[in-house]
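Notes for the one structure printed next.
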Amino acid sequence: MWEALTADTGARISELLKEEGRAADFSVSFDGMLFDYSKTAMSKEARALLLSIAQSHRVEERRAAMFAGEKINETEGRAVLHTALRNLDGGPVEVDGQDVMPGVLETLARMEAFAEDVREGRFTGAGGPITDVINIGIGGSHLGPEMGTRALSPYHDGPRCHFVSNVDGADIADCLAGLDPRTTLVIVASKTFTTIETMTNAETARAWMAKAVDDPAAQFAAVSSAEDKTADFGIAPERVFGFEDWVGGRYSMWGPIGLPLMLAIGPEDFRAFLKGGAAMDGHFRTAPAQENMPVMLALTGLWHSHACGFPTRAVLPYDQRLSRLPAYFQQLEMESNGKRVTMEGDALSEQSGPVVWGEPGTNGQHAFYQLIHQGTQVVPCEFMVAAKGHEPELTHHHDLLVANCLAQSEALMRGRTLAEARAQMETAGFEGDELERQAAHRVFPGNRPSTTLIYDRLTPRRLGQIVALYEHRVFVEGVILGINSFDQWGVELGKALAKEMAPILSGAEDGAGKDGSTRQLVAFVRGAT
Ligand code: F6P
């Protein structure tokens, strides 16, 4: 289906931008945010084709099915309703004929009461009010609250929040060093409460706490769907916050998995975050496709990955506080759309979702942007920036940040011609062959695509909108690719083999059945002193 589009990928972006009104026409605005995709080689004809592809793949129908609580995660037989977690002002949402909203609101109220108790010092540790919170979780039980807590640090007025995810003991050791167990609250966040990294870290944290506190479990809370397992761990039910199987791990920061964020910024700002997500849901459900930000973000993504054939895309927030957003989007996009078969189980006839990577600007400019400007692979760049910062006394910093962001998208598009490079070398005093040689290195091909998402300021509401925007983008791309975006079977094999490997490394079992490379690596580990 991409052939007709592929034939249309040859336009020069700078030429397209000479068309009157292109910038406004190839942009979508919503609630104080502007998504500009005019610096891409997408022509009006290509956009029309992309929109017809969305229509023929029944994106609108699938969207209605998702919001209606149908079991669109077909391989796990589950509904996909993370949107219900932020549906504060909406109506009932039914799964199997049951309205889930009373349960959602009740859990939110319990989280809020607990967060207020902690923040106001009514819930204490053995040594007094809680000064530090450690969230132990991994993947979807870690990346969202970690990303959000960092993103919204100007709103942080609760206890300090720390995040431990890696089973590498270095992670928890570095976190615990310097913390007082008597004033620390540990949240064990795991939907399944079986994930080996999380359970290993949780036990280490409990042992650490037990050295200084008589009743360590009293300073533990859990976020999990597995109440029997949290009880076995010794966590009292009043500090267990559950969520249903219709909330996928990477879509879960809107509910109890967001507890550390709520503890940090307070329930009111957490609600503003939820309302931002809900506002994006409303927009996604009702705006016509061409004015629909998630739809156009998705179609631009597919244009680059499937029509132009660019295998990766970079997400480049010009915001140091969004430094974990690329990692968050990596899980959201790649765990969702990195699949090899269609919903029906047939091999995909095209590529799955692209590789997603990135770093905040301006740091990336001094690292990998060299390849983006002059490498032989084209990397579509998704810039993101707030017009205003949070530091009134440092506006000159923010102005420079914005200037850099805008300049990068311009430079990628414009490039520098050989004639311009030669003129530059002439001015620098070069001549003859050396001038030619030097000029060649200073040519930028240009015509490198980018999009920019710009908004006023990174508030809790804005963050909610951005996260929901990308969630729906992933959904639309998944529907068009025919993928189930809501399962993650691809992580299972590694987990199973890691379990098998542990007794081999300890020497309890021999690794005779393993391949030569694996046996060699095992021998190295066992031989190390
Ligand atoms: O890595 C696979 C995965 O299942 C993710 O999807 C999930 O977010 C993560 O592990 C953590 O799972 P849990 O919350 O059950 O510990």
Looking only at the range 121-176, how many residues end up being aromatic (Phe, Trp, Tyr) and within 16 Å of the ligand (Cβ to nearest atom)?
1
Of the conditions (1) within 30 Å of residue 496 (Cα to Cα); (2) away from the ligand (no atom under 11 Å from the Cβ), residue 274 fails just one. Which one is it?
(1)
List, please: which pairs have Cβ atoms under 7 Å, are six or more places apart or on different chains, and start with a residue in the range 186-208 that is free of Cβ contacts under 8 Å to residues at least 40 places away in the same chain and end with one that is within 15 Å of the ligand (Cβ to nearest atom) and assigned to a loop (DSSP other than H, G, I, E, B)?
192/226; 200/167
Go through the range 416-459 and give me each residue that's of a type in the set (D, E, K, R) and over 26 Å from residue 379 (Cβ atoms).
422, 426, 431, 433, 434, 436, 437, 456, 457
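Which of the following residues is of a type in the set (Gly, Ala, Ser) and over 28 Å from the mean Cα position of the chain (by Cα): 411, 423, 387, 407? Spell out the reasoning first.
Details: 411 fails: over 28 Å from the mean Cα position of the chain (by Cα); 387 fails: over 28 Å from the mean Cα position of the chain (by Cα); 407 fails: over 28 Å from the mean Cα position of the chain (by Cα).
Just one listed residue meets the conditions, 423.
Taking residue 210, is it over 17 Å from residue 133 (Cβ atoms) and within 13 Å of the ligand (Cβ to nearest atom)?
So residue 210 fails the test.
Being in contact (Cβ under 8 Å) with a residue 60 or more places away in the chain, loosely packed, with under 11 Cβ neighbours inside 10 Å and β-branched (Val, Ile, Thr) is the filter here, so list the residues in the range 373-383 that pass it.
Keep residues of the range 373-383 that are in contact (Cβ under 8 Å) with a residue 60 or more places away in the chain, which gives 373-374, 377-383.
Filter again for loosely packed, with under 11 Cβ neighbours inside 10 Å, leaving 377.
Listed by number, the list is empty, since nothing qualifies.
Hey, among 282, 309, which residue is more than 20 Å from the chain's Cα centre (by Cα) and on the phi > 0 side of the Ramachandran plot? Please lay out each step first, then the result.
On the way: 282 fails: on the phi > 0 side of the Ramachandran plot.
That would be 309, the only listed residue that is more than 20 Å from the chain's Cα centre (by Cα) and on the phi > 0 side of the Ramachandran plot.
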Number of the exception - residue 313 against (1) in contact with a Pro (Cβ under 7 Å, 6 or more places away or on another chain); (2) part of a loop (DSSP other than H, G, I, E, B); (3) among the charged types (D, E, K, R)
(2)
Within 23 Å of residue 409 (Cα to Cα), charged (D, E, K, R) and touching a residue at least 60 places away in the same chain (Cβ under 8 Å), is that true of residue 31?
no
Pairs only if they're at least six apart or on different chains, beta carbon under 7 angstrom, first in the range 498-514 and closer than 17 Å to residue 200 by Cβ, second open to solvent by 80 Å² or more (accessible area, probe 1.4 Å) and not in a helix (DSSP H, G or I); list them, first residue then second.
503/509
Go through the range 77-126 and count every residue that is open to solvent by less than 20 Å² (accessible area, probe 1.4 Å) and small (Gly, Ala, Ser).
4
Cβ-Cβ under 6 Å pairs, at least 6 apart or on other chains, the range 384-411 side in the same structural domain as residue 12 (by the TED database), far side in a helix (DSSP H, G or I) and open to solvent by 50 Å² or more (accessible area, probe 1.4 Å):
390/154
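Given the condition assigned to a helix (DSSP H, G or I), farther than 24 Å from residue 81 by Cβ and in contact with a strand residue (DSSP E or B) (Cβ under 8 Å, 6 or more places away or on another chain), answer yes or no: does some residue in the range 244-262 qualify?
Keep residues of the range 244-262 that are assigned to a helix (DSSP H, G or I), which gives 249-251, 256-262.
Add one more test, that the residue is farther than 24 Å from residue 81 by Cβ, and what stays is none.
No: the range 244-262 contains no residue that is assigned to a helix (DSSP H, G or I), farther than 24 Å from residue 81 by Cβ and in contact with a strand residue (DSSP E or B) (Cβ under 8 Å, 6 or more places away or on another chain).
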Can you tell me how many residues within the range 353-364 are buried (at least 20 other Cβ atoms within 10 Å of the Cβ) and under 16 Å from residue 490 (Cβ atoms)?
3
Can residue 338 be described as closer than 30 Å to residue 488 by Cβ, of a type outside the set (Ser, Thr, Tyr) and surrounded by 20 or more Cβ atoms within 10 Å (Cβ to Cβ)?
no
Checked pairs for the range 237-258, first near the ligand (Cβ under 10 Å from one of its atoms), second aromatic (Phe, Trp, Tyr), C-beta under 7 Å and 6 or more apart or across chains, list as 248/486; 252/243
Wholly within the range 457-529, which helices (runs of 4 or more DSSP H) include no fewer than the required count, namely at least 2 residues that are among the basic types (Lys, Arg), within 29 Å of residue 323 (Cβ to Cβ) and open to solvent by less than 40 Å² (accessible area, probe 1.4 Å)?
460-481
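Out of 223, 213, report the one residue that is over 27 Å from residue 329 (Cα atoms) and touching a residue at least 40 places away in the same chain (Cβ under 8 Å).
On the way: 223 fails: over 27 Å from residue 329 (Cα atoms).
The unique qualifying residue is 213.
Which count do you get for residues in the range 390-401 that are under 23 Å from the mean Cα position of the chain (by Cα) and surrounded by 17 or more Cβ atoms within 10 Å (Cβ to Cβ)? Outline the logic, then answer.
Step one: list which residues in the range 390-401 are under 23 Å from the mean Cα position of the chain (by Cα), which gives 390, 401.
Add one more test, that the residue is surrounded by 17 or more Cβ atoms within 10 Å (Cβ to Cβ), and what stays is 401.
Number of matching residues: 1.
The values are calculated or read from the model by the stated rules, or taken from the named source; none is laboratory data. Note that the structure is predicted; figures quoted are calculated from it, not measured. Please note: Cβ atoms are built from the backbone with ideal geometry, for glycine as well, and neighbour counts cover all protein chains shown. The area values use the complete protein model at the heavy-atom level, side chains included, leaving out ligands, DNA and RNA. Shrake-Rupley method; radii C 1.70, N 1.55, O 1.52, S 1.80 Å.
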